[in-house]
Ligand code: ADP
């Protein structure tokens with residue numbers, strides 16, 4: 001997936017400014033930077049979730065497998081099936097565990113020869129199967145927060161996406177549940193390309209192959225531009241040998 005000169009506006013306000021980024025296949029890319037620098041806005045533009053936000057407008061080019069995702073003949077719903085999203089707060093549907101998983105395949109009209117198998121596969125893929133296999137008909141709300149988030153990941157992978165976007169997926173979870181999700185991400189990377197927004201720098205350092213650092217200000221005196229990509233590199237470089245002083249200030253905790 002590639003971004004070329006991507007600008008995202010809310011009305012007149014430009015929240016993302018001129019971003020060029022290439023996301024690696026089967027890699028985890030972390031988007032980091034201070035609050036309000038446009039990370040979530042950029043993430044949402046990657047699967048046209050911003051289409052649903054009043055006044056939001058995306059300019060520039062975002063291509064997925066060489067296809068312009070904003071082209072007129074591209075179906076936004078199909079984009080969101082192939083590029084799934086997991087949100088900050090686990091948001092299971094008020095349905096059973098089973099139906100949470102089966103819902104997506106049903107509404108998207110996926111050809112499913114055996115729904116039970118698909119549900120098991122998705123729950124296994126999200127490292128949740130053994131914990132829930134005896135209570136599939138129970139409400140998803142009975143699960144812990146961490147389990148609910150893994151259920152949401154299972155729900156996302158049930159429709160067989162290519163990419164999973166995660167918007168601070170662990171920020172509502174305790175450290176143990178967070179570790180489970182991070183471990184799961186390492187496994188998911190074998191089958192999916194993952195882009196994660198995180199405000200937790202240690203998390204980016206632990207899980208991401210590449211990290212993109214954004215800032216709200218382009219440079220001294222450049223006005224009120226926000227969502228500027230400062231530096232994008234393998235994660236080790238961003239944290240150990242950043243090229244830009246602004247990255248260094250941020251990752252060393254001097255700013256942010
Ligand atoms: P981050 O994820 O880095 O914290 P966001 O992408 O949420 O940043 O926000 C970037 C900027 O866009 C902020 O100034 C925020 O106030 C603004 N913004 C975010 N969502 C909306 C919206 N729906 N309408 C108007 N402005 C928004």
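Observations
- The number of residues in segment 40-55 that are crowded, with 16+ Cβ neighbours inside 10 Å and near the ligand (Cβ under 10 Å from one of its atoms) comes to 7.
- Residue in segment 51-62 that is touching a strand residue (DSSP E or B) at 6+ places or on another chain (Cβ under 8 Å) and either part of a helix (DSSP H, G or I) or over 30 Å from residue 246 (Cα atoms) (or both) present: yes
- Residue 75 vs. criteria near the ligand (Cβ under 8 Å from one of its atoms) and loosely packed, with under 13 Cβ neighbours inside 10 Å: no
- Selected residue (criterion: surrounded by the fewest Cβ atoms within 10 Å (Cβ to Cβ)) from residues of segment 58-72 that are within 17 Å of the chain's Cα centre (by Cα) and in contact (Cβ under 8 Å) with a residue 40 or more places away in the chain: 63
- A residue that is over 15 Å from the mean Cα position of the chain (by Cα) and surrounded by fewer than 19 Cβ atoms within 10 Å (Cβ to Cβ) cannot be found anywhere in segment 79-91.
- In this entry, residue 210 passes the filter for residues that are crowded, with 19+ Cβ neighbours inside 10 Å, away from the ligand (no atom under 16 Å from the Cβ) and either under 17 Å from residue 20 (Cα atoms) or at pLDDT 95 or above (or both).
- Leading residue by the ranking (farthest from the ligand (Cβ to nearest atom)) among those in segment 1-20 that are touching a residue at least 40 places away in the same chain (Cβ under 8 Å) and in a loop (DSSP other than H, G, I, E, B): 1
- Any hit, segment 218-232, residues being within 14 Å of the ligand (Cβ to nearest atom), touching a helix residue (DSSP H, G or I) at 6+ places or on another chain (Cβ under 8 Å) and not in a loop (DSSP other than H, G, I, E, B): yes
- Restricted to segment 109-131, and to residues there that are farther than 20 Å from residue 188 by Cβ and not in a helix (DSSP H, G or I), the residue that is modelled with the lowest pLDDT is 109.
- Residue among 162, 191, 244 that alone is more than 16 Å from the ligand (Cβ to nearest atom), surrounded by fewer than 20 Cβ atoms within 10 Å (Cβ to Cβ) and under 14 Å from residue 85 (Cα atoms): 162
- Filter result for residue 112 (more than 16 Å from the ligand (Cβ to nearest atom), in contact with a helix residue (DSSP H, G or I) (Cβ under 7 Å, 6 or more places away or on another chain) and without any contact (Cβ under 8 Å) to a residue 12 or more places away in the chain): yes
- Subset of segment 5-21 (residues that are loosely packed, with under 14 Cβ neighbours inside 10 Å and in contact with a strand residue (DSSP E or B) (Cβ under 8 Å, 6 or more places away or on another chain)): 5, 20
Quick grid of which residues meet (1) within 16 Å of the ligand (Cβ to nearest atom); (2) modelled with pLDDT of 95 or more; (3) assigned to a strand (DSSP E or B):
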| residue | (1), (2), (3) |
| --- | --- |
| 196 | yes, yes, yes |
| 204 | yes, yes, no |
| 237 | no, yes, no |
| 249 | no, no, no |
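- Taking each residue of segment 21-44 that is touching a residue at least 40 places away in the same chain (Cβ under 8 Å) and within 16 Å of residue 236 (Cα to Cα) and looking for partners that are part of a loop (DSSP other than H, G, I, E, B) and more than 8 Å from the ligand (Cβ to nearest atom) with beta-carbon atoms closer than 6 Å, six or more apart or interchain, yields 27/209; 28/189; 28/208; 28/209; 29/23; 30/198; 30/208.
The values are calculated or read from the model by the stated rules, or taken from the named source; none is laboratory data. Not measured: the values here are computed from a predicted model. Every residue, glycine among them, receives a Cβ derived from its backbone with ideal geometry; neighbour counts consider all protein chains shown.
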